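Take a look at the structure set out below.
The values are calculated or read from the model by the stated rules, or taken from the named source; none is laboratory data. No experiment lies behind these values; they were computed from the predicted model shown. Don't worry about glycine lacking a Cβ; one is built from the backbone with ideal geometry, like all the others, and counts go over all protein chains shown.
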Amino acid sequence: MSLPTAVLDRRAHDGDVSEEDPAARPQRRRFSAEYKLAILAEYEAAPEGEKGSVLRREGLFSSQITEWRHAREAGALGALEARVRQSKRHPAEVELDKLRRRHQRTEAELKRTKTALEIMGKASALLEMLAESADTDKKSTP
């Protein structure tokens with residue numbers, strides 16, 4: 001039995017239903033190098049028919065085993081470590097960078113505008129000179 005949309009909306013508006021979906025952002029699993037080596041050893045020691053059960057029990061895929069095996073064979077134990085992402089920057093730092101980029105764009109736009117005004121001024125002066133010379137040419141010819 002499903003509830004009508006109006007009822008669900010009213011419940012969400014009244015606060016009966018949380019707006020955050022806990023399944024919306026699943027957490028990525030991280031495996032230590034020791035765990036990876038232990039699973040590789042167990043997987044390789046398992047008889048042919050039991051390898052799938054090791055994967056199912058641990059919730060792994062064969063592609064992960066293949067990747068871990070290649071890393072181990074390359075001698076890169078460090079490559080088996082879970083990569084730690086850099087922590088996110090402080091919001092103030094992000095805002096500061098954003099304002100700096102905005103300032104640079106504004107400065108560049110100001111420079112372009114000044115250059116355009118300078119060119120327009122020179123063009124205006126040139127047109128005035130041409131107009132004056134045309135007027136003097138017309139006056140000098142009878």
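At a glance:
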{"read-out": "Close pairs from segment 36-48: first in contact (Cβ under 8 Å) with a residue 24 or more places away in the chain, partner surrounded by 11 or more Cβ atoms within 10 Å (Cβ to Cβ) and among the basic types (Lys, Arg), Cβ under 9 Å, at least 6 apart", "value": "LYS36/ARG72; LEU37/ARG72; LEU40/ARG69; LEU40/ARG72"}
{"read-out": "Residue within segment 37-57 that is aliphatic (A, V, I, L, M), exposed (fewer than 10 other Cβ atoms within 10 Å of the Cβ), on the phi < 0 side of the Ramachandran plot and at pLDDT below 90 present", "value": "no"}
{"read-out": "Sole exception among (1) at pLDDT below 95; (2) assigned to a helix (DSSP H, G or I) for ALA82, by number", "value": "(2)"}
